[in-house]
């Protein structure tokens with residue numbers, strides 16, 4: 001057995017590299033001695049765990065550790081080592097991992113350990129980190145990635161030297177970092193150092209982060225709440241979403257034709273490569289067009305806003321070519337590349353992500369980037385054979401949350417009597433309903449009159465009148481906003497109704513109301529997923545998207561199941577109902593949006 005000693009802030013930790021079966025007794029003794037609590041991690045050939053069945057994805061190493069030492073097991077070497085890891089995962093009473101959902105998938109597809117067996121005894125330091133401080137690095141927070149958290153909480157130089165070491169390994173092997181994982185030799189020093197440090201760092205983060213979680217959040221049960229939710233979204237990921245491959249291929253081909261057509265127009269206008277900023281700038285200068293907008297680095301900008309302002313054939317061609325290229329790559333080609341052997345795609349659902357904890361979806365189903373109210377891309381995604389798609393979403397969730405927590409009588413009365421809140425705001429300001437609607441949502445999302453002008457096409461004068469009328473018409477909302485801002489100024493953060501602490505930047509105190517509403521709304525959706533799981537409906541859920549859940553229900557039971565799940569999802573908050581509307585389509589997700597009476 002090889003040993004690697006490495007310092008963490010002057011203290012040596014030890015990594016044991018299991019090389020042969022003779023090394024396993026020491027490893028087993030370590031596991032038994034630490035079976036109450038161990039951190040673990042896996043190193044794999046990539047991220048496409050759903051391809052384990054066809055042999056293009058596999059686990060290479062599995063690591064277990066505490067704060068001072070770890071063991072690296074080469075599961076790639078055969079069943080004896082796989083059994084040793086399987087035994088350790090089952091023997092350990094409580095497991096720690098960072099971004100543990102991925103390791104749960106890997107344990108299931110590579111070791112045959114059901115997610116349902118390991119998830120109840122697993123703690124995820126990514127979730128602990130979010131409950132402590134959800135801010136990303138770019139917003140002066142600690143971030144959520146292991147490398148970022150190591151840099152913030154443990155040791156900056158260690159993060160660069162160890163967690164950043166695989167970039168150096170890739171350079172040594174003359175490949176890109178994304179391509180190094182399946183080819184790096186299993187006994188490579190840098191690979192084993194990187195792998196062996198992961199559980200040690202996760203264990204140390206766990207010890208540091210757990211006591212930092214606010215008492216109020218702990219008492220509210222958010223630790224178990226977030227872990228249960230993460231397990232549910234992992235089950236949704238595992239199930240996947242059936243892809244209409246023929247439709248996706250046809251749309252990809254259409255967009256490819258459009259791209260080539262517009263690229264040819266651009267070539268005739270003097271630009272051979274529509275992605276070349278230098279060529280575009282040169283071509284525009286030749287036409288006497290002066291550019292003034294700069295990028296953050298101080299270079300001339302030729303983004304869509306700049307190009308759209310120049311109405312000539314060249315700019316039109318560039319815009320259309322790049323749009324076709326982006327749509328094809330982002331939506332259709334990505335989905336086609338992400339198919340498993342059964343033609344399903346598996347989204348990556350980040351169950352607790354934004355500052356407000358709002359879920360995000362990435363990967364082969366980039367649901368949150370899809371055009372709002374448009375069925376074009378959504379037709380790619382199909383309910384199971386014999387099933388139809390049902391979309392259930394909350395009606396005016398954010399505004400109802402605002403009404404419930406502000407206690408504003410006018411707003412509460414409007415919702416309880418089914419009145420048009422947007423028209424009430426508009427009438428109070430003497431503007432049209434569009435301005436009233438824009439004001440309601442913009443204020444709810446933390447914006448001012450400028451945002452109303454930009455997003456709703458309302459005049460500056462009308463926007464200012466509408467915002468003034470909003471605060472006068474709903475004084476309860478003003479009191480709530482003022483209270484949250486006072487709390488944020490005094491402490492640097494606010495607490496939501498569910499006990500979640502959200503930092504508020506000193507220069508953006510006005511965002512406190514938005515964070516409160518967004519986070520509370522997210523937790524209503526989270527509660528719905530947990531309740532649906534408790535009632536046995538998770539197998540039907542395909543995606544959670546903010547205030548909407550997409551289901552695949554058997555066609556002959558669609559009405560019944562849509563009604564049952566809507567009743568489970570509905571929630572009364574401080575006496576105000578947050579209702580759910582279920583729309584039943586055909587097999588594709590897009591068919592719901594094509595319904596004549598669709599609210600999407």
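The values are calculated or read from the model by the stated rules, or taken from the named source; none is laboratory data. Everything numeric here is computed off the predicted structure, so don't read it as measured data. Positions of Cβ are generated from backbone atoms using ideal geometry, with glycine treated the same way; all protein chains shown enter the neighbour counts.
Identify all residues within the range 194-222 that are touching a residue at least 60 places away in the same chain (Cβ under 8 Å), more than 17 Å from residue 98 (Cβ to Cβ) and not in a loop (DSSP other than H, G, I, E, B); write none if there are none.
Those that are touching a residue at least 60 places away in the same chain (Cβ under 8 Å), more than 17 Å from residue 98 (Cβ to Cβ) and not in a loop (DSSP other than H, G, I, E, B): 216, 217, 219, 222.
Is at least one residue of the range 495-516 over 28 Å from the mean Cα position of the chain (by Cα) and closer than 30 Å to residue 238 by Cα?
no
Scan 429, 404 and give me the residue that is over 28 Å from residue 566 (Cα atoms), crowded, with 21+ Cβ neighbours inside 10 Å and in contact (Cβ under 8 Å) with a residue 40 or more places away in the chain. Can you show your working first?
Working: 404 fails: over 28 Å from residue 566 (Cα atoms).
Among 429, 404, only 429 is over 28 Å from residue 566 (Cα atoms), crowded, with 21+ Cβ neighbours inside 10 Å and in contact (Cβ under 8 Å) with a residue 40 or more places away in the chain.
Looking at the range 1-25 only, could you name the residues that are exposed (fewer than 14 other Cβ atoms within 10 Å of the Cβ) and under 28 Å from residue 124 (Cβ atoms)?
Selection gives 7, 9, 11, 12.
Considering only residues of the range 223-251 that are within 13 Å of residue 541 (Cα to Cα) and assigned to a helix (DSSP H, G or I), which is farthest from the chain's Cα centre (by Cα)?
Per the stated criteria, the residue is 239.
Can you find a residue that is in contact with a strand residue (DSSP E or B) (Cβ under 9 Å, 6 or more places away or on another chain), crowded, with 20+ Cβ neighbours inside 10 Å and within 30 Å of residue 212 (Cβ to Cβ) anywhere in the range 472-482? Please lay out each step first, then the result.
Filtering the range 472-482 for residues in contact with a strand residue (DSSP E or B) (Cβ under 9 Å, 6 or more places away or on another chain) gives none.
For the range 472-482, residues in contact with a strand residue (DSSP E or B) (Cβ under 9 Å, 6 or more places away or on another chain), crowded, with 20+ Cβ neighbours inside 10 Å and within 30 Å of residue 212 (Cβ to Cβ): absent.
If you scan the range 278-321, which residues turn out to be under 33 Å from the mean Cα position of the chain (by Cα), assigned to a loop (DSSP other than H, G, I, E, B) and surrounded by 11 or more Cβ atoms within 10 Å (Cβ to Cβ)? Break it down into steps so the answer makes sense when it comes.
Residues of the range 278-321 under 33 Å from the mean Cα position of the chain (by Cα): 293-308, 318-321.
Among the residues that remain, those that are also assigned to a loop (DSSP other than H, G, I, E, B) are: 293, 295-299, 301-303.
Those that are under 33 Å from the mean Cα position of the chain (by Cα), assigned to a loop (DSSP other than H, G, I, E, B) and surrounded by 11 or more Cβ atoms within 10 Å (Cβ to Cβ): 293, 295, 299, 301, 302.
Among the residues of the range 351-362, is there at least one that is buried (at least 18 other Cβ atoms within 10 Å of the Cβ), in a helix (DSSP H, G or I) and on the phi < 0 side of the Ramachandran plot?
No; the residues of the range 351-362 include none that is buried (at least 18 other Cβ atoms within 10 Å of the Cβ), in a helix (DSSP H, G or I) and on the phi < 0 side of the Ramachandran plot.
Report yes if residue 170 is at pLDDT below 90 and assigned to a helix (DSSP H, G or I), otherwise no.
Details: at pLDDT below 90: no; assigned to a helix (DSSP H, G or I): yes.
No; evaluated as a whole, the condition is false for this residue.
What's the number of the only condition in (1) crowded, with 16+ Cβ neighbours inside 10 Å; (2) out of contact with any helix residue (DSSP H, G or I) (no Cβ under 6 Å at 6 or more places or on another chain) that residue 528 fails to meet?
Of the numbered conditions (1) crowded, with 16+ Cβ neighbours inside 10 Å; (2) out of contact with any helix residue (DSSP H, G or I) (no Cβ under 6 Å at 6 or more places or on another chain), the odd one out for residue 528 is (2).
Look at the range 407-426 and say how many of its residues are without any contact (Cβ under 8 Å) to a residue 24 or more places away in the chain and either surrounded by fewer than 16 Cβ atoms within 10 Å (Cβ to Cβ) or more than 12 Å from residue 576 (Cα to Cα) (or both). Outline the logic, then answer.
At the first step, the residues of the range 407-426 found to be without any contact (Cβ under 8 Å) to a residue 24 or more places away in the chain are 413-414, 417-420, 422-423.
Retained after the next criterion (residues that are either surrounded by fewer than 16 Cβ atoms within 10 Å (Cβ to Cβ) or more than 12 Å from residue 576 (Cα to Cα) (or both)): 413, 417-420, 422-423.
Counting residues in the range 407-426 that are without any contact (Cβ under 8 Å) to a residue 24 or more places away in the chain and either surrounded by fewer than 16 Cβ atoms within 10 Å (Cβ to Cβ) or more than 12 Å from residue 576 (Cα to Cα) (or both) gives 7.
For (1) at pLDDT below 95; (2) more than 30 Å from residue 172 (Cα to Cα); (3) not assigned by TED's automatic domain parsing to the domain that holds residue 164, each residue gets a yes or a no:
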| position | (1), (2), (3) |
| --- | --- |
| 192 | no, no, no |
| 201 | no, no, no |
| 207 | no, yes, no |
| 219 | no, yes, yes |
| 238 | no, yes, yes |
| 257 | no, yes, yes |
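Output yes when any residue across the range 8-19 is in a helix (DSSP H, G or I) and either within 30 Å of residue 338 (Cα to Cα) or modelled with pLDDT under 95 (or both), and no when none is.
Keep residues of the range 8-19 that are in a helix (DSSP H, G or I), which gives none.
Among the residues of the range 8-19, not one is in a helix (DSSP H, G or I) and either within 30 Å of residue 338 (Cα to Cα) or modelled with pLDDT under 95 (or both), which makes the answer no.
Out of the range 502-521, which residues are buried (at least 20 other Cβ atoms within 10 Å of the Cβ) and either without any contact (Cβ under 8 Å) to a residue 24 or more places away in the chain or over 17 Å from residue 574 (Cβ atoms) (or both)? Before the answer, list the steps.
Filtering the range 502-521 down to residues buried (at least 20 other Cβ atoms within 10 Å of the Cβ) leaves 502, 504, 511-521.
502, 504, 511, 512, 514, 515, 518, listed by residue number.
I'm checking my understanding of the structure. Among residues of the range 152-191 that are in contact (Cβ under 8 Å) with a residue 24 or more places away in the chain, touching a strand residue (DSSP E or B) at 6+ places or on another chain (Cβ under 9 Å) and farther than 21 Å from residue 77 by Cα, which one is surrounded by the fewest Cβ atoms within 10 Å (Cβ to Cβ)?
The qualifying residue surrounded by the fewest Cβ atoms within 10 Å (Cβ to Cβ) is 154.
Taking into account only those residues within the range 48-72 that are out of contact with any helix residue (DSSP H, G or I) (no Cβ under 8 Å at 6 or more places or on another chain) and touching a residue at least 40 places away in the same chain (Cβ under 8 Å), which is surrounded by the fewest Cβ atoms within 10 Å (Cβ to Cβ)? Can you show your working first?
Initially, the range 48-72 is screened for residues out of contact with any helix residue (DSSP H, G or I) (no Cβ under 8 Å at 6 or more places or on another chain), giving 48, 51, 54-56.
Keeping just the survivors that are touching a residue at least 40 places away in the same chain (Cβ under 8 Å) gives 48, 51, 54.
Details: 48: 16, 51: 19, 54: 9.
If we take residues in the range 48-72 being out of contact with any helix residue (DSSP H, G or I) (no Cβ under 8 Å at 6 or more places or on another chain) and touching a residue at least 40 places away in the same chain (Cβ under 8 Å), then 54 is surrounded by the fewest Cβ atoms within 10 Å (Cβ to Cβ).
Looking only at residues that are part of a strand (DSSP E or B) and without any contact (Cβ under 8 Å) to a residue 40 or more places away in the chain in the range 486-501, which one is farthest from residue 404 (Cα to Cα)? First the steps, then the outcome.
Of the range 486-501, the ones part of a strand (DSSP E or B) are 493-495, 501.
In the following step, the residues that additionally are without any contact (Cβ under 8 Å) to a residue 40 or more places away in the chain were identified as 493-494.
Details: 493: 21, 494: 18 Å.
The selected residue is 493.
Hey, does the range 222-235 have a residue that's closer than 30 Å to residue 328 by Cα, out of contact with any strand residue (DSSP E or B) (no Cβ under 7 Å at 6 or more places or on another chain) and at pLDDT 95 or above?
yes
Restricting to the range 325-340, what's the tally of residues that are in contact (Cβ under 8 Å) with a residue 40 or more places away in the chain and either part of a helix (DSSP H, G or I) or in contact with a strand residue (DSSP E or B) (Cβ under 9 Å, 6 or more places away or on another chain) (or both)?
Just the residues of the range 325-340 that are in contact (Cβ under 8 Å) with a residue 40 or more places away in the chain, to begin with: 325, 327-328, 331-333, 335-336, 338-340.
Now restrict to residues that are either part of a helix (DSSP H, G or I) or in contact with a strand residue (DSSP E or B) (Cβ under 9 Å, 6 or more places away or on another chain) (or both): 325, 327-328, 331-333, 335-336, 338-339.
Final tally of qualifying residues: 10.
Is it true that some residue in the range 325-343 is in contact with a helix residue (DSSP H, G or I) (Cβ under 8 Å, 6 or more places away or on another chain), crowded, with 18+ Cβ neighbours inside 10 Å and farther than 30 Å from residue 50 by Cα?
no
Just to check your reading of the model, which residue among 584, 545 is more than 28 Å from residue 402 (Cα to Cα) and touching a helix residue (DSSP H, G or I) at 6+ places or on another chain (Cβ under 9 Å)?
Working: 545 fails: more than 28 Å from residue 402 (Cα to Cα).
Every option except 584 fails the conditions.
Collect the residues in the range 252-277 that are more than 17 Å from residue 323 (Cα to Cα) and either part of a helix (DSSP H, G or I) or under 36 Å from the mean Cα position of the chain (by Cα) (or both), keeping them in residue-number order. Give the derivation first.
Quick first cut of the range 252-277, residues more than 17 Å from residue 323 (Cα to Cα) only: 268-270.
Matches in the range 252-277: 268 only.
Within the bounds of the range 254-272, is there any residue that is under 30 Å from residue 384 (Cα atoms), surrounded by fewer than 20 Cβ atoms within 10 Å (Cβ to Cβ) and in contact with a helix residue (DSSP H, G or I) (Cβ under 8 Å, 6 or more places away or on another chain)? I'd like the intermediate steps shown before the answer.
Applying the first criterion (under 30 Å from residue 384 (Cα atoms)) to the range 254-272 yields 254-256.
From the residues that got through so far, the ones that are surrounded by fewer than 20 Cβ atoms within 10 Å (Cβ to Cβ) too are 254, 256.
Those left that are additionally in contact with a helix residue (DSSP H, G or I) (Cβ under 8 Å, 6 or more places away or on another chain): 256.
Looking for residues that are under 30 Å from residue 384 (Cα atoms), surrounded by fewer than 20 Cβ atoms within 10 Å (Cβ to Cβ) and in contact with a helix residue (DSSP H, G or I) (Cβ under 8 Å, 6 or more places away or on another chain), one finds at least one in the range 254-272, hence yes.
State which residue is modelled with the lowest pLDDT when the search covers only the range 136-161 and only residues that are within 24 Å of residue 184 (Cβ to Cβ) and more than 26 Å from the chain's Cα centre (by Cα).
The selected residue is 161.
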